[in-house]
Every structure is written in C-alpha cells, then in structure tokens.
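This report concerns only the one structure given below.
The values are calculated or read from the model by the stated rules, or taken from the named source; none is laboratory data. It should be emphasised that the depicted structure is a prediction, and the values quoted were computed from it without experimental measurement. Counting neighbours? That spans all protein chains shown, and the Cβs are built from the backbone with ideal geometry, glycine included.
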Amino acid sequence: MSDPVDVAHIVPPYLLQHLAQGSEPIAEQARATLVADTQKRRARSRRTAPTVIAGGSAATSGPSREIFDAGNSENLPGKAVRTEGAPATGDPAADEAYDGFGATWKLFDEVYGRNSIDGSGMALLGTVHYGEGYQNAFWNGERMVFGDGDGVIFGRFTASLDVIGHELTHGVTEHAAGLTYRNQSGALNESVSDVFGVLVAQYRAGQTAAEADWLIGADLLLPGVKGVALRNMLHPGTAYDDPRLGKDPQPADMSGYVQTSSDNGGVHYNSGIPNRAFALTATTLGGHAWETAGRVWYDVLTGPDIQPGCDFATFAALTINAAVARFGEGAEAAAVRSAWASVGVGARAADAPPRGEGIDPNAPLLVRRTGGFAGLVRERRTSLAELPRSDRRAWTGLLADRTLAALATASRPTPDAFCYGVVCQAAEVDVEVAEHDLPGHVRALLERTLEG
C-alpha cells in the first residue's frame, strides 16, 4: 500500500473558492469550510501511516457500522448514536449515513466479493453534523465525515447516496491501488470514486445504464440553484451554471485538460475525462453497469498492474486488457477502446511517455524566486535546450518524477522566507516550494538556472 492519500472531499476547492467570493453568509461559510479543509490536509500529511480501524475478519457476514454525531463541532469522532443492528435514530443524517454505508458494503460484497473497504471486514465509521454550515463531506483515511451544508446552496451531505459511495471508495482505492492524489493519478482516484459512487446508487435502485442519470451529488443542491448536481459523468461540464457556484469547469475530453497547480493538480477538474470514458462504456454496453464496465474497472483497481502514479493512458490500457481478460475480444473490449478514444486518451500505455522523457527540449521552463524581507522577485524563462548538459539531465529527471509535486504538497511557507516556483506545462508541473523544504541539490539547481 502507498502512503495515505490526501483528505478526499466531495466538493472541489474551486467551487468553494467561487462561493467564498460571493455574498454573505454563504461566503463566510465557504471560507470556513476551506480553512477547515486545509487544516485537515495538513494534519493528514503529518500522519506517517494509515490508522488501522478494528473491524471484522474476511469471514464477516455483514457490515460493521457505527455512526457518530459531532454536534456541529469539528471534534472527531463525536458521540456514538447508532451501532450495527441498532434501530433508526430518527435523525435523517445519522440514518442516511448508516443506510448508505450498508448500500456501499452490499455492492462491493455481493457484486465484487469484497468485504468492506479493506477487503477484510474493516468497520465503517461515520460522523454527521460536522461543523457549522460545513459545505463538504470527506474521507480522512479512517472515517467518513459529513457536513450539514449551508442550508441555502447545499443541503446535508448524507442526502446523496452516490456521495457516500464516492467517499467510501476513496478508502477502497487507498487499500488497493493507492493512487497518488495529484495530477492524472489523482484525477483517476476521484473518477474511480465517482464510478463506484454511482454504481452504489444504481445497484440499490436496480437501474440500467440507460435509466441512470449519471449525476454525482444531485440531492445536495437546494431549490433555487441553477444546476442538477456537482458533476455529470456522461456530459462533464454541464452539471451547473449558477451565479453563486459559477459554471461547471470539468472537461469532457483531453482537448480541455486543465493544467493547474491548484486542486492537487486539477484532480476534480480532470476527473471528468475518465468519468466520461466509463459512462460511455457503460451506456454503449447497456444493461447493468456494475456487471460489465464496473467489473472491468474493479479488476484494474484491485489488480497487480496498477501503480500509484498511473496516468490516463496507462489506466486506459489496463482497462482494455482487463476487458479482454474477463470477456474476451468482444463487445466489451470494443466499447472500452471506443470510449477512451472518444475522450482523446491513447489506447496503449506506449502512447504516454514517462513524464520528462517525452518533453520537448524547447518547451518553456519558468523558474522564479519570490519572498524574502525585501519582497524582490527573480525569475528566468528558459528551456531545457538552453541549459548546460548536466543541468539539462538534472531537470529532465526532476520533471519526470514526482519530487517537485511531493515537495510542494508538504511545503509550509514561513514569514520572509524565499519561495521557489517552477512552471513547465509540457511536464504538467506548476509548483511553489519554500526554500527550507528544498533538498540542497534541488535548491542549487534552481539557483544555477536563475543565474543563467
């Protein structure tokens, strides 16, 4: 298993940031949610290993659920209000969480033979009524946590079954593939959660792919919001267009791929691309998606070949191989191939060279140093081709691996310290790292490049 993922939230930061710039009191609640989310990410980054939660064994015959009530505080876990087998509490949030956990457990158990998140009967823990007006829900590596929403734009986050399935699937991914929560692997992490989130809802409703709406979070938006959901898997970019929320920014194919250092490298933006690939596969094949496309995606997620840094092209190749392995060279494999081609993702892993190795040496490279007591800015715009051979090799390696992204994620700026920025769109790199968080050899390379 890889290192634990960042705290995974259902509402993307770009949406909360848009709300934070609007009118009160929604803006204040959005800002509070952003602050709370940032604090949770920092606490999560300091954890060295995921906490093991006691649960059943592989022989467990049913889920092990426990729901807590935070009482609108941010103290976890809160007060226990419902345990496995106990009657309904009468609190819609607590009972929806309990039932949603059961529905998610049932899909993974009955369809894919997986006993809970870790495959070994891990207890399903949830906390409701988290924070005041908290506009999010998240998986923190141990439990699901649900806010009540602001009561104007968002209602309670337990209301959408697909949201519950989405967040619990982050736990499955953490225990199975361990997809790194950044850039394309992070977008795949988000997409896989959307995939199995909608499958939980479709399985409970007995819906076919044609009958399903392919929406994520449809029950979160309150009346008056100009939108139908947080995301539309079949038609990314069309879920909402509201003065307070902005317009859904998800791309439907690679032509709209978002290059950004925010949102962990655009994980909530670019998940629309693999989301559409799955939805197209499922609707092309028809019938129940959990029996066809869902089995293919699950085989990849839990198989031996997927790696934490998997990109779109590699994932596409793995799904094609999995379709052939399970169903043969028939309609299923053809549907998977066609779906990935429709969203502009190459059908073979060879189509996607490792980051760095396939970079055009003439591609722009920006290096910048900001901060310091005087607030002076130094920057240089160059390219790999213009650098000395030894530095060119060093930059190629640095851009090819995920060192810069990892440093940026863990970096904590301090007053009056220098901060180094690197932008190379050809390598999907746009980061800033505080000087004290840089290894000596990396800082020396940055300084040599700045000096020219």
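Here is how the numbers come out for the structure above:
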{"read-out": "Among (1) surrounded by fewer than 22 Cβ atoms within 10 Å (Cβ to Cβ); (2) small (Gly, Ala, Ser); (3) outside any loop (DSSP other than H, G, I, E, B) - the single one Ala212 does not satisfy", "value": "(3)"}
{"read-out": "Number of positions in segment 414-433 that are in contact with a Cys (Cβ under 9 Å, 6 or more places away or on another chain) and in contact (Cβ under 8 Å) with a residue 60 or more places away in the chain", "value": "2"}
{"read-out": "Scan of segment 360-377 for residues that are at pLDDT below 85 and of a type in the set (D, E, K, R), ordered by number", "value": "Asp360"}
{"read-out": "Test: residue in segment 157-176 that is on the phi > 0 side of the Ramachandran plot and in contact with a helix residue (DSSP H, G or I) (Cβ under 6 Å, 6 or more places away or on another chain)", "value": "no"}
{"read-out": "Matching residues, segment 293-339, being in contact with a helix residue (DSSP H, G or I) (Cβ under 8 Å, 6 or more places away or on another chain) and over 24 Å from His170 (Cα atoms)", "value": "Val324, Ala325, Arg326, Phe327, Ala331, Glu332, Ala333, Ala335, Arg337, Ser338"}
{"read-out": "Single condition Pro223 does not satisfy, out of (1) in a helix (DSSP H, G or I); (2) surrounded by fewer than 24 Cβ atoms within 10 Å (Cβ to Cβ); (3) free of Cβ contacts under 8 Å to residues at least 60 places away in the same chain", "value": "(1)"}
{"read-out": "Residues located in segment 226-248, provided they are surrounded by fewer than 21 Cβ atoms within 10 Å (Cβ to Cβ) and touching a helix residue (DSSP H, G or I) at 6+ places or on another chain (Cβ under 8 Å)", "value": "Leu234, His235, Gly237, Arg244, Gly246"}
{"read-out": "Every residue from segment 230-255 that is in a loop (DSSP other than H, G, I, E, B), more than 24 Å from Gly149 (Cα to Cα) and either of a type in the set (Ser, Thr, Tyr) or without any contact (Cβ under 8 Å) to a residue 40 or more places away in the chain (or both)", "value": "Pro251"}
{"read-out": "Sole residue being hydroxyl-bearing (Ser, Thr, Tyr) and not in a loop (DSSP other than H, G, I, E, B), chosen from Thr89, Thr127", "value": "Thr127"}
{"read-out": "Residue count for segment 416-446, restricted to those that are assigned to a loop (DSSP other than H, G, I, E, B) and either touching a helix residue (DSSP H, G or I) at 6+ places or on another chain (Cβ under 7 Å) or surrounded by 18 or more Cβ atoms within 10 Å (Cβ to Cβ) (or both)", "value": "3"}
{"read-out": "Selected residue (criterion: modelled with the highest pLDDT) from residues of segment 130-171 that are part of a loop (DSSP other than H, G, I, E, B) and hydrophobic (A, V, I, L, M, F, W, C)", "value": "Ala159"}
{"read-out": "For Thr319: the one exception among (1) in the same structural domain as Tyr112 (by TED's automatic domain parsing); (2) without any contact (Cβ under 8 Å) to a residue 60 or more places away in the chain; (3) farther than 30 Å from Gly421 by Cα", "value": "(1)"}
{"read-out": "Pair list, Cβ under 6 Å, 6 or more apart: segment 120-136 residue within 13 Å of Thr158 (Cβ to Cβ), other residue in a strand (DSSP E or B) and of a type in the set (Asp, Glu)", "value": "Val128/Asp69; His129/Asp69"}
{"read-out": "Selection within segment 173-208 - of a type in the set (Val, Ile, Thr), outside any loop (DSSP other than H, G, I, E, B) and farther than 13 Å from Gly294 by Cβ", "value": "Thr173"}
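Quick grid of which residues meet (1) outside any loop (DSSP other than H, G, I, E, B); (2) in contact with a strand residue (DSSP E or B) (Cβ under 7 Å, 6 or more places away or on another chain); (3) at pLDDT 80 or above:
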position: Thr382; (1), (2), (3): yes, yes, yes
position: Thr396; (1), (2), (3): yes, no, yes
position: Leu407; (1), (2), (3): yes, yes, no
position: Thr414; (1), (2), (3): no, yes, no
